[in-house]
1. Hey, can you grab everything whose amide H is under 5 Å from the amide H of Ile102? Only 5+ residues off in sequence or another chain; H modelled, so Pro and N-termini drop out.
2. What percent antiparallel are the DSSP beta bridges of the stretch 415-505, to the nearest 5?
3. Working from the alpha-carbon coordinates of the stretch 185-268, get Rg over Rh, Rh being the Kirkwood radius.
4. Tell me, what HN-Hα J-couplings in whole Hz come from the Karplus equation 6.51 cos²θ - 1.76 cosθ + 1.60 at θ = phi - 60° for each residue of the stretch 437-454, using x for Gly and Pro?
5. How big is the gap, in Å, between the Cα center of the stretch 302-334 and the Cα center of the stretch 16-42?
6. Give me the three principal axis extents of the stretch 415-505 from the C-alpha atoms, as integers in angstrom, largest value leading.
7. Whose amide H sits under 5 Å from the amide H of Phe426, counting only residues 5 or more places off or on another chain, with H placed in the peptide plane?
8. Give the span of the stretch 241-363's Cα atoms along each principal axis, as three whole-Å numbers ordered largest to smallest.
Amino acid sequence: MPDTTMDADVIVVGAGPTGLMLAGELRLGGAEVIVLDKLAEPTGQSRGLGFTARAMEVFDQRGILPRFGQGETLEVSSVGHFGGVQFDFTSLEGAHFGARGIPQSQTEAVLAGWAADLGAVVHHGHEVLALADGFLDGDHAEVTVGTPDGVRRMRARYLVGCDGGKSTVRKLAGIGFPGTEATRAMFLADITGVDLKPRYLGETLPNGMVMAAPLKEGVHRIIVCPHGAAARSADDTVTFEEVAKAWEHITGEDISGGGAEWVSFFSDATRQAAEYRRGRVLLAGDAAHIHLPAGGQGLSTGVQDAANLGWKLAAVVTGRAGDALLDTYHAERHPVGRRLLMNTRAQGMVFLGGDQAEPLRSILTELTGHDVVRRHLAGVVSHLDIRYDIGADGDGNGDGDGAHPLLGRRLARIALTGPGGTTDTFRLLHAGRGLLLDLADDARVREAAAAWADRVDVVTATASASDGGAVLAGAGAVLVRPDGHVAWTAAGGADGLDAALARWFGTPAER
């Protein structure tokens, strides 16, 4: 008899924000998870400096947000931009540009601590070398891993590649990565010994675009996008002298007397995985999509990929749901990734197009004077406009009998009052379980959900209209998935609730 012992339910490859977020989500769902990362230890470098409003909500839904600090250490701004054209995001209720000034290294440390507290195991210095055949139709995935103690094989029910744009997992699984090649190179560096004025949202000048933000005492992050800089090979290197020269060419400021803690470069290459799932292999984060950086959207999209996938994958490996639930991951997140690539490419054309793009910038500036345009762009960049196509009423039959404007959208933080006192919708999602809000004190709703009590919390409460509750108008009951998106609503009664619960949370434990 073949040895079918598993090292874990899920092996996650990559200990960046996406992989660590996924590890925590899987542990909340009861799955055993191992995270492999080829680096011997975290580099401490931070390509990203913040995240979007929706990513903040995801962290808040899990009770993680306080770990990032408060006040100045968690700075949010109502003023954001689209392609460098600035406008006020508060035209969209609850929206802001997101958190800024938070190094990616801090985000990784916060998520690593959270995942470890939940029991996730992270192995550094472990590089995936090969993927065994059979992951498409077998009952597990098997990888060959180079470790500090030699080469070994590891098995899991599923393998998830969160290992970046050059993903080894994606390549070994044979998943295509179509898109557009890089056309230009841009630089970033954390510099010391120089006093710079902040350019948080970037400044477009005749010879290029620059950004600057203070990281800590004596250290500034700069991004330098010179016009005409040729694309580079992934194996190329860049020096501080080259960055300083480009900065002076664009701004006229000499920073060559300073130094750099580290320097790097990036490009405008834009690609998306053809499949987010292939058999026992799944992709998330930069392994699934790469693009021009714009407002922390890459990290934020990866975190949301993890929040969408984690509870589903945990439900499957623990036997609470069927394998078909995983197909909804690609169905929901691939369109989000495609839209992300669209908006970042559009921003690049406006931001980096030089004099040729000036008419486009002027028109966009005029358009942002209209509330409807500001609301639309704020929703795109904050990721608060995401709506999953989960059927007309969430039960999968498409009859639309319970349609509500919230269906498929994320549920914002809303204050609730019930027999147990006051709470809110985010706090009720901390455990990563499903949530059924019984807003009409309807025994039929509670009775219908009783068989899913091991995975869905039922809360009878009323919403404060003055604290966001107006969005629930017309809903007597609302089913919320662990990722915070609404899966079913009804004005009254429980019609379709059984089907929606079965679709999203699997076969009931008992009848």
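No value in this document is a laboratory result; all are computed from the given coordinates. Here the structure is a predicted model, which means the values were calculated and not measured. Neighbour counts are summed over all protein chains in view; Cβ atoms, including those assigned to glycine, are modelled from backbone coordinates with ideal geometry.
1. Here Gly50 satisfy the definition.
2. Numbers: 14 of 19 bridges.
Expressed as a percentage, antiparallel bridges in the stretch 415-505 total about 75.
3. Working: Rg = 11.8 Å, Rh = 12.7 Å.
Ratio of gyration radius to Kirkwood radius: 0.93.
4. Couplings: 8, 9, 8, 10, 6, 9, 4, 5, 5, 5, 5, 5, 8, 4, 6, 10, 4, 6 Hz.
5. 15 Å
6. Cα spread of the stretch 415-505 along its principal axes, largest to smallest: 33, 27, 22 Å.
7. It is Ile414, by chain and number.
8. Rounded to whole Å, the extents work out to 62, 39, 18 Å.
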